[in-house]
Amino acid sequence: VPVCHAQENVLQRVLQLPVVSSTCESLQRTYVSTKEAHPLMASVCEVYERGVQGASALAMWGVEPVVRRLEPQFAVANNLACRGLDHLEEKIPALQYPVDK
């Protein structure tokens, strides 16, 4: 049963679950194929993507001092979340399978 180590992030663990990663891959394929099939949609998506990237960078810059200050609390919350994820993985074996299975 996996356990969070100090450098491990619960979000990374969730994203590595086969059910989650296969869902994300499927969404990514759909997004890319939609952009390829519809040029107008592709141009709208590209503008949106650039906006999201800019907003994300600005948000990270603004939040960084707060994150540094709250790092000990985040570590405790991460550890608790990892233990909860351990419990879920134990009780719900379907999390270990891709969506199509």
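Every read-out reported here was derived from the displayed coordinates using simple, explicitly stated rules and does not represent laboratory data. The structure displayed is predicted, hence computed values, not measured ones. Cβ placement follows ideal geometry from the backbone for every residue including glycine, while neighbour counts extend to all protein chains displayed.
Summary of computed values
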| quantity | calculated |
| --- | --- |
| Ellipsoid semi-axes in whole angstrom, largest first, where each is sqrt(5λ) of the Cα gyration tensor of the chain | 31, 25, 6 |
| Förster radius 35 Å - calculated FRET efficiency between MET41 and ALA81 (Cβ-Cβ, nearest 0.05) | 0.45 |
| Relative contact order of the chain, defined on C-alpha pairs under 8 angstrom at six or more residues apart (%) | 61 |
| Within-14-Å neighbourhood charge of SER22 [Cβ basis; K, R +1; D, E -1] | 0 |
| Net charge of neighbours whose Cβ lies under 15 Å from the Cβ of LEU85, counting Lys and Arg as +1 and Asp and Glu as -1 | -1 |
